[in-house]
Amino acid sequence: MWRGSALAALGVVGFSGSFPGTVFALRGFDPYLISVGRAAVAAGIALGCLLVTRAPLLPPRRDVGSYIVIAFGIVVGFPLFSGLALDAGSSSAHAAVVTGLLPAATAVFAVLRAGERPRGAFWVACAAGAACVTVFAVNRGGGHLTGADLLLLAALLSAAVGYTEGGRLARETPGWRVISYTLVLSAPITIPVTAVLAVVTGPHPTGPALAGFAYVSLVSMFLGFIPWYAGLALGGIARAGQLQLAQPLLTVVWSWLLLHEEVGPVTLVAALAVLVCVAATQRSRTAAPRP
């Protein structure tokens, strides 16, 4: 069990830099180019890994539908919606807190898709966490949810679907092959779209922008998923997903160190409140998964 937690923790550390990396990338690249281009770059790396290890280049036909679901969640949905939210003015720290319910959302999809059955305490804590995030978002939005907050919620749901389906497949397929197959199957779309966007959006590849784009392409889109999916498979989707509770706080720290964003007491209190609520959802007793 500890191996699953350790692997998931490595994935969380990698993912925690995604929002700051995207902010840097936005200084020279269009948000749509970042969202699609990071998957295109990662697809090339994934294909190279499959070739070097002499693994099959495509997954079993019976699993193609699941890989398409993963692609919509983590290749298209999360990068696109989160990038648009950050481009619309949401700070990296704010985005981290709003998406702090991602572990709970992942657990909900684990109930629906992977057969896990948390007890009543899970739903109580999940509702409390949702209330904390909603109050924080409304407070920062001047009394209403902003368009950026709605985009972040869409990103959260997209990631939860991709995490759950990927964690389910990783029970039988190594985690690195799960993300590799997802990226390779997406390549016929992501590579040509990236080429077109690179021409029409007029990128300005400054040093910080290139560094941010490299991070979200290499770490956020590929390397982070290798230990993450392996951890979900070994430790269970809900239990290992608990490690992602630390991600918002880590992102807030990176935002303060790298982007010099102001992190006020409201943001810290909201992050800690979400941490407590989501911890309760993940630690509630769970019945054995349905076959």
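The values are calculated or read from the model by the stated rules, or taken from the named source; none is laboratory data. Computed from a prediction, not measured in an experiment: that's the story for all the values here. Here the Cβ positions follow ideal geometry from the backbone for every residue, glycine too, while neighbour counts run over all protein chains shown.
The figures follow:
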quantity	calculated
Residue in segment 100-108 that is modelled with pLDDT of 75 or more and among the hydroxyl-bearing types (S, T, Y) present	yes
Hey, P192 in contact with a Phe, Trp or Tyr (Cβ under 9 Å, 6 or more places away or on another chain), farther than 18 Å from E165 by Cβ and part of a helix (DSSP H, G or I) or not	no
Residue in segment 238-261 that is exposed (fewer than 15 other Cβ atoms within 10 Å of the Cβ), modelled with pLDDT under 80, among the acidic types (D, E) and more than 22 Å from A6 (Cα to Cα) present	no
Set T164, T173: member being in contact (Cβ under 8 Å) with a residue 24 or more places away in the chain, under 30 Å from A240 (Cβ atoms) and either buried (at least 24 other Cβ atoms within 10 Å of the Cβ) or under 18 Å from the mean Cα position of the chain (by Cα) (or both)	T164
Residue identified as surrounded by 24 or more Cβ atoms within 10 Å (Cβ to Cβ) and at negative phi among S158, S186	S186
Some residue of segment 195-202 being in a loop (DSSP other than H, G, I, E, B) and of a type in the set (A, V, I, L, M)	no
Failed criterion for A46 (all others in (1) more than 23 Å from G212 (Cβ to Cβ); (2) under 21 Å from the mean Cα position of the chain (by Cα); (3) modelled with pLDDT of 95 or more hold)	(1)
Boolean, A105 is under 14 Å from G162 (Cα atoms) and either of a type in the set (S, T, Y) or under 19 Å from the mean Cα position of the chain (by Cα) (or both)	yes
Residue count for segment 217-263, restricted to those that are in contact with a helix residue (DSSP H, G or I) (Cβ under 9 Å, 6 or more places away or on another chain) and part of a loop (DSSP other than H, G, I, E, B)	6
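Yes or no, residue by residue, for (1) of a type in the set (S, T, N, Q); (2) farther than 28 Å from P188 by Cα; (3) crowded, with 24+ Cβ neighbours inside 10 Å:
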position: P59; (1), (2), (3): no, no, no
position: D63; (1), (2), (3): no, no, no
position: G77; (1), (2), (3): no, no, no
position: A95; (1), (2), (3): no, yes, yes
position: L112; (1), (2), (3): no, yes, no
